[in-house]
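One structure is given here, and the rest of the page talks about it.
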Amino acid sequence: MSGIIVVGSQWGDEGKGKVVDVFSAQADYVVRYQGGANAGHTLVVNGVKTVLHLVPSGILHSKTVCVIAAGVVLDIEEVVSEIRALREAGLIANSEQLRISDQCTVLLSHHRKLDQAREKAAGHEKIGTTGRGIGPAYEDRASRQAILFGDLFDQTTLKDKLKASIVETNFLLKEYYKTEPVELEELYKRLLELTEELAPYRAKDASMLVHKALKGGKKVLFEGAQGTMLDLLHGSYPFVTSSSTISGSACIGSGIGPNSVQKIIGITKAYTTRVGSGPFPTEIHGPLGERIRIEGHEFGATTGRPRRCGWLDLVAMKYAIRVNGITNLALMKLDVLSGHEKIEVCTSYKLDGQEIKDMPTSTADLVRVEPVYRALTGWNDDITQVRSIQDLPQAARDYIQFIGNELATPIDVVSVGPGREQTLWIKPLFN
Ligand code: IMP
């Protein structure tokens, strides 16, 4: 089987969008399987920047079929505006390029309102969500009140379903958070307009579409959003997102069996970032953290928030490799580390005076750990123009080798800039 999963191995923003865009040149299908418009995948092609939140990053290759699978919470307003922008840019010429599952959960304005109202009320205790309504939309799915994408096309039942779906949220908005509820008629009217625009992209059974592609020997990439440490079950709970972000979610979210997967590629930055609240053992405070933020353009693609920056954390990486079953790694943004005299890498933690090599399961413990660093020699040269691994400065090659050895996982790809051409291949993607 020819399925490859691309998964974030840190706290999100590892550069999955670029990897999927580059890999898509060799893929027939790209499937987005979880999350929603909280993701922001930035792509730079010929110097032109495109930010996608819902449409899979494979869309920039006209022959690649992009699928939004059942596990995604589909923000209807956002997906329509992305489709419009892509059409205007000539990047979606025909609707067969984008297929949306009937089983996606529809995300509407009341989800966004509830997310924002909760965060505001939580004050200092807030999660630091993107405010895109992700939690409330997944809650509706779990409590069986959600509107599914397929429901939009049955107008005899849609209004009743919508009414039932918004009643509890409206009560909370009005009575508990003392904010404006959503208006049924207005929402219904808007939904009908948007549905008309989305009709050409309806896949109905997207699981079948992906199954047939895999069975027919097509090359299928599964595009993860967010990162391992934001996983609802295996991340630093409660400072996580509301979906499962690890590789197993690719199977659940798209409706395929695990035996369809050939490779699991963990995307990692050459350092670490995190947006929002929650523990981050290798965070660097002060001017050095600020320098990485500026040089790495570490500002959220969805919210514009400054990202917290720190050194590479191999304890967290080992954890990610284990829970995802990562078989290969892609090391991103190596160029951002140019110009540092020394580069630190966290190889273990200290907890209550004891050295530990495994990630603690308790978030309270993770808050208390102290990173133990190994200092490596840095390099001064600008490496953004380098086009092969052999041409990297020796210290950069040593850094790559050190990470690969410590993690006992091959690094297949190294990225030295946002452009497609700034991708150094060590091993081919598909066997
Ligand atoms: P939510 O997914 O909007 O509910 O946010 C929950 C947590 O996940 C917050 O800490 C967000 O900053 C974080 N988060 C959500 N999506 C992303 C992403 O795409 N990249 C990085 N962090 C994210």
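The values are calculated or read from the model by the stated rules, or taken from the named source; none is laboratory data. Please read all numbers here as calculations on a predicted model, not as lab measurements. Cβ coordinates were reconstructed from backbone atoms using ideal geometry, including for glycine residues, and neighbour counts include every protein chain displayed.
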Q: May I ask you to list the residues in the stretch 1-45 that are within 16 Å of the ligand (Cβ to nearest atom), touching an Asp or Glu at 6+ places or on another chain (Cβ under 7 Å) and part of a strand (DSSP E or B)?
A: VAL6, GLY8, ARG32, LEU43
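Conditions (1) of a type in the set (A, V, I, L, M, F, W, C); (2) in the same structural domain as ALA146 (by TED's automatic domain parsing); (3) in contact with a Ser or Thr (Cβ under 7 Å, 6 or more places away or on another chain), marked per residue:
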site	(1), (2), (3)
ILE83	yes, no, no
ALA89	yes, no, no
ALA117	yes, yes, yes
HIS124	no, yes, no
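Give the residue that is nearest to the ligand (Cβ to nearest atom), with candidates limited to residues of the stretch 253-274 that are part of a loop (DSSP other than H, G, I, E, B) and surrounded by fewer than 22 Cβ atoms within 10 Å (Cβ to Cβ). Break it down into steps so the answer makes sense when it comes.
Step one: filter the stretch 253-274 for residues part of a loop (DSSP other than H, G, I, E, B), giving 255-257, 270-271.
After this cut, where a residue has to be surrounded by fewer than 22 Cβ atoms within 10 Å (Cβ to Cβ) as well, the list is 255, 257.
Working: GLY255: 22, GLY257: 27 Å.
Step by step, filter the stretch 253-274, then rank; the result is GLY255.
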**Q.** Condition broken by ALA164, with the remaining ones in (1) farther than 16 Å from VAL65 by Cα; (2) buried (at least 20 other Cβ atoms within 10 Å of the Cβ); (3) of a type in the set (Gly, Ala, Ser) satisfied
**A.** (2)
Q: From (1) within 30 Å of TYR29 (Cα to Cα); (2) at pLDDT 95 or above, pick out the condition that doesn't hold for THR303.
A: (2)
Q.
When the residues of the stretch 396-431 are narrowed to those that are crowded, with 19+ Cβ neighbours inside 10 Å and over 25 Å from the mean Cα position of the chain (by Cα), which ends up farthest from ASP358 (Cα to Cα)?
A. ALA396
(Q) Residues that are away from the ligand (no atom under 16 Å from the Cβ) and assigned by TED's automatic domain parsing to the domain that holds ALA225: list the strands (runs of 3 or more DSSP E) wholly contained in the stretch 281-373 that include at least 2 such residues. (A) 328-332, 342-351, 354-356
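Considering each of ALA122, ALA137, ALA117 in turn, give the residue that is within 14 Å of the ligand (Cβ to nearest atom) and in contact with a Leu (Cβ under 6 Å, 6 or more places away or on another chain). Reasoning before the result, please.
Numbers: ALA122 fails: in contact with a Leu (Cβ under 6 Å, 6 or more places away or on another chain); ALA117 fails: in contact with a Leu (Cβ under 6 Å, 6 or more places away or on another chain).
So the residue among ALA122, ALA137, ALA117 that is within 14 Å of the ligand (Cβ to nearest atom) and in contact with a Leu (Cβ under 6 Å, 6 or more places away or on another chain) is ALA137.
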Q | Unmet criterion (only one of (1) of a type outside the set (Val, Ile, Thr); (2) out of contact with any strand residue (DSSP E or B) (no Cβ under 8 Å at 6 or more places or on another chain); (3) under 30 Å from LEU392 (Cα atoms)) for GLY248 | A | (3)
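Could you say whether any residue in the stretch 55-67 is within 13 Å of the ligand (Cβ to nearest atom), within 19 Å of SER244 (Cα to Cα) and modelled with pLDDT of 95 or more? Give the steps one after another, and end with the answer.
Pass one, the stretch 55-67, residues within 13 Å of the ligand (Cβ to nearest atom): 57.
Applying the additional criterion that residues be within 19 Å of SER244 (Cα to Cα) yields none.
No, the conditions are met nowhere in the stretch 55-67.
Among the residues in the stretch 337-351, are any exposed (fewer than 12 other Cβ atoms within 10 Å of the Cβ) and in contact with a Lys or Arg (Cβ under 8 Å, 6 or more places away or on another chain)? Explain how you work it out, then say what you get.
The first filter runs over the stretch 337-351 and keeps only residues exposed (fewer than 12 other Cβ atoms within 10 Å of the Cβ), leaving 341-342.
Next, from what is left, pick out any that are in contact with a Lys or Arg (Cβ under 8 Å, 6 or more places away or on another chain): none.
No: zero hits.
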